[in-house]
1. So VAL101 ticks every box in (1) hydrophobic (A, V, I, L, M, F, W, C); (2) more than 15 Å from the chain's Cα centre (by Cα); (3) within 29 Å of MET1 (Cβ to Cβ); (4) part of a helix (DSSP H, G or I) but one. Which box is left unticked?
2. Can you tell me which of ARG86, ARG191, ARG143 is over 19 Å from the mean Cα position of the chain (by Cα), surrounded by fewer than 19 Cβ atoms within 10 Å (Cβ to Cβ) and under 24 Å from ILE56 (Cβ atoms)?
3. Filter the stretch 146-167 down to residues that are at pLDDT below 95 and more than 26 Å from LYS52 (Cα to Cα) and give me whichever is farthest from the chain's Cα centre (by Cα).
4. Within the group PHE163, PHE130, which residue is crowded, with 21+ Cβ neighbours inside 10 Å, more than 21 Å from ALA10 (Cβ to Cβ), in contact with a Lys or Arg (Cβ under 9 Å, 6 or more places away or on another chain) and aromatic (Phe, Trp, Tyr)?
5. Given the conditions (1) on the phi < 0 side of the Ramachandran plot; (2) under 14 Å from the mean Cα position of the chain (by Cα), report the number of the one that ILE38 does not fulfil.
6. Do the conditions hold for PHE94, that is, is it among the aromatic types (Phe, Trp, Tyr), in contact with a strand residue (DSSP E or B) (Cβ under 9 Å, 6 or more places away or on another chain) and surrounded by 14 or more Cβ atoms within 10 Å (Cβ to Cβ)?
7. Taking the residues in the stretch 135-174 that are of a type in the set (Gly, Ala, Ser) and out of contact with any Pro (no Cβ under 8 Å at 6 or more places or on another chain) as candidates, determine which candidate is farthest from ASN17 (Cα to Cα).
Amino acid sequence: MKLIFASGNAHKLRELNDKTPADIEVISMRKRGYDGDIEEPGATLEENAKIKAEFIHDLFGESDFADDSGLEIDQLNGAPGVYSARYAGPGCTFTDNNAKVLRELGETGNRTARFRTVIHLILDGQHHRFYGTVNGTITKEIRGVDGFGYDPIFVPDGFDRTFAEMTLEKKNAISHRAKAVQALVDFLRSR
């Protein structure tokens, strides 16, 4: 089975390929022939994942899927949420986003948060949705050099290291994206 992944994010593609079995070929939208960006005007992770999947499906007419992920911090009323990638403003970097979160949280004691991933699959014209969540806390400083996004400031429950301090294999075993991808894979294998 071949699926187009409606993303150009090399980090996400690497995580997906580590998790996806060999009999399911995942190719990036760039490899399939689309090198542009897909607008994400949705107000929720669910809306953005669907928008991206439908865009690529309409373009190529092939089965595909898209994801959207966000960090939701309780003290910040669920922010950055759907705006996680651009939380510090247009053209911001991962470092800018992390710095803004740490600045906004300051010394607050409530640092509970969660990463959520939503995958929207279009397979043979049918729409399906899969979810993954990992709960944790936000650190008071950036820790670790691996990973991407908010990995250097997020410690998953049950661990004392940030995602950025873990090996990719360890993170992939417990991450929100890994859980959503596993739900996707389980579904595909059951067909």
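1. So VAL101 meets the others, but not (3).
2. Working: ARG86 fails: over 19 Å from the mean Cα position of the chain (by Cα); ARG143 fails: under 24 Å from ILE56 (Cβ atoms).
Answer to the check: ARG191.
3. Residues of the stretch 146-167 that are at pLDDT below 95, as a first pass: 146-149, 167.
Now restrict to residues that are more than 26 Å from LYS52 (Cα to Cα): 146, 167.
On the way: ASP146: 16, THR167: 17 Å.
So the residue we want is THR167.
4. Numbers: PHE163 fails: more than 21 Å from ALA10 (Cβ to Cβ).
Checking each option against the conditions leaves just PHE130.
5. Checking ILE38 against (1) on the phi < 0 side of the Ramachandran plot; (2) under 14 Å from the mean Cα position of the chain (by Cα), the one that fails is (2).
6. On the way: among the aromatic types (Phe, Trp, Tyr): yes; in contact with a strand residue (DSSP E or B) (Cβ under 9 Å, 6 or more places away or on another chain): no; surrounded by 14 or more Cβ atoms within 10 Å (Cβ to Cβ): yes.
Considered against the rule, which asks whether it is among the aromatic types (Phe, Trp, Tyr), in contact with a strand residue (DSSP E or B) (Cβ under 9 Å, 6 or more places away or on another chain) and surrounded by 14 or more Cβ atoms within 10 Å (Cβ to Cβ), PHE94 comes out as no.
7. Taking the stretch 135-174 first, the residues of a type in the set (Gly, Ala, Ser) are 136, 144, 147, 149, 158, 164, 173.
Imposing the further condition that a residue be out of contact with any Pro (no Cβ under 8 Å at 6 or more places or on another chain) reduces the set to 147, 149, 158, 173.
Numbers: GLY147: 15, GLY149: 19, GLY158: 26, ALA173: 13 Å.
Step by step, filter the stretch 135-174, then rank; the result is GLY158.
Yes or no, residue by residue, for (1) more than 30 Å from LEU188 (Cα to Cα); (2) surrounded by fewer than 17 Cβ atoms within 10 Å (Cβ to Cβ); (3) not hydroxyl-bearing (Ser, Thr, Tyr):
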| site | (1), (2), (3) |
| --- | --- |
| GLU47 | no, yes, yes |
| ASP64 | no, no, yes |
| SER69 | no, no, no |
| ASP74 | yes, yes, yes |
| ARG114 | no, no, yes |
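The values are calculated or read from the model by the stated rules, or taken from the named source; none is laboratory data. Only a predicted model underlies this, so the values are computations on that prediction, with no experimental measurement involved. Quick reminder, even Gly has a Cβ in these numbers, built from the backbone with ideal geometry, and neighbours come from all protein chains shown.
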